[in-house]
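Here the structure is laid out as structure tokens; the discussion comes afterwards.
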Amino acid sequence: VEGIDRFSTTEWKQRCSLAAAYRVAHLEEWDQNIFNHITLKVDGSDDLQDGPHFFINDFGMSFDEVTASSLLKVTLDGKQVRD
């Protein structure tokens, strides 16, 4: 599976859950407006210096295009976190 080796088991499970939520939202047609998004707080990120971190889809990506490995990890200020 693409991306699984880049992330911890916990992070990969969270990414898969959020990607699945995007797919369900698409199937239920909850993605009709351009600025919709779903986020998930990264487990254990509260205590990090720039925490907490969140997963979010990339701007312009349709809900049916979101995959676990395509999700971005960002800070509360919206800065992308590079692991």
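The values are calculated or read from the model by the stated rules, or taken from the named source; none is laboratory data. Please read all numbers here as calculations on a predicted model, not as lab measurements. Note that each Cβ is placed from the backbone with ideal geometry, even for glycine, and that neighbours are counted across all protein chains shown. These accessible areas exclude ligands, DNA and RNA; they are computed on the full protein's heavy atoms, side chains included. Shrake-Rupley method; radii C 1.70, N 1.55, O 1.52, S 1.80 Å.
Counting other C-beta atoms within 10 Å, and keeping those with at most 11, which DSSP coil GluC sites (Glu not before Pro) do you find in the chain? Don't skip to the end; give the middle numbers.
Numbers: sites: GLU2, GLU11, GLU28, GLU29, GLU65; in loops: GLU2, GLU28, GLU29.
Passing sites in the chain are GLU2, GLU28, GLU29.
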Item to complete: Round to the nearest 10 and give me the degree value, 0 to 90, for the angle of helix 9-27's Cα axis relative to the longest principal axis of the chain.
Response: 20
Practice prompt. Give a quick list of chymotrypsin sites (Phe, Trp or Tyr not before Pro) in the chain that DSSP marks as loop, anything other than H, G, I, E or B, with at most 12 other Cβ atoms within 10 Å.
Written response: PHE35, PHE59
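Rounded to a whole number, what % of the accessible area of the chain do carbon and sulfur atoms account for, probe 1.4 Å?
Details: 2850 of 5740 Å².
With neighbouring chains kept in place, the figure for the chain is 50 percent.
With a cut-off of at most 15 other beta carbons within 10 Å, and DSSP calling the residue loop, which trypsin sites (Lys or Arg not before Pro) in the chain qualify? Please list them.
Qualifying residues, ordered by number: LYS79, ARG82.
Expected output is a single nm value to one decimal: the length gained when fully extending between ARG6 and THR67, i.e. 0.36 nm times separation in residues minus the C-alpha distance. What is it? The partial results should precede the final answer.
On the way: separation 61, 0.36 × 61 = 21.96 nm, distance 1.41 nm.
So the chain would gain 20.6 nm between ARG6 and THR67.
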Practice prompt. Using +1 at the Cβ of each Lys and Arg and -1 at the Cβ of each Asp and Glu in the chain, identify which of LEU72, SER45, ALA25 lies farthest towards the dipole's positive end.
Written response: SER45
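Can you work out D for the chain in µm² s⁻¹ from Stokes-Einstein, where Rh is the Kirkwood radius over C-alpha pairs, the temperature is 20 °C and the viscosity is 1.002 mPa s? It would help to have the intermediate numbers written out before the result.
Numbers: Rh = 13.1 Å.
It diffuses with D of about 163 µm²/s by this estimate.
Under a 1.4 angstrom probe, counting protein chains only, how are VAL66, VAL81 ranked by accessible area, largest first? Could the numbers behind the result be given before it?
Working: VAL66 0, VAL81 25 Å².
Ranked from most to least accessible, the order is VAL81, VAL66.
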